[in-house]
Amino acid sequence: MTAIGLYQLFVDSSISLPAWLKTHSLNDLKLGLVDMSVTRVAVIFETVALESHGTTDILSFGLAAAAVIVGLSLFIYVEGKRGSYDDNESKDHRDNQFKKRVL
């Protein structure tokens, strides 16, 4: 996803991609990376929880994973509210991207 986003931003913006994979700015790419990070943390937690068999302290690991996810979600929220998108993007596009990321 990162490689495709960088290619689309700096080499050829006219490549045919699905709407969910289109990158309009570096902020879109940054938010996509945050989304992938949240998914990765959640998958790692699930893996540890399933492999623990009650032997490790899952609560502390779960709280740490939740703290990371909350921090990244707060980052997405602040970025959307601050309006740090490119000036050439419409307000509707900004709002739609924000809603997709948060919800």
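The values are calculated or read from the model by the stated rules, or taken from the named source; none is laboratory data. Please read all numbers here as calculations on a predicted model, not as lab measurements. Cβ atoms come from the backbone with ideal geometry, glycine included; neighbour counts cover every protein chain shown.
Per the conditions (1) modelled with pLDDT under 85; (2) in a helix (DSSP H, G or I), the sole criterion not satisfied by Ser60 is (1). Restricting the range 6-53 to residues that are farther than 27 Å from Val68 by Cβ and of a type in the set (Gly, Ala, Ser) leaves a set whose member that is surrounded by the most Cβ atoms within 10 Å (Cβ to Cβ) is Ser13.
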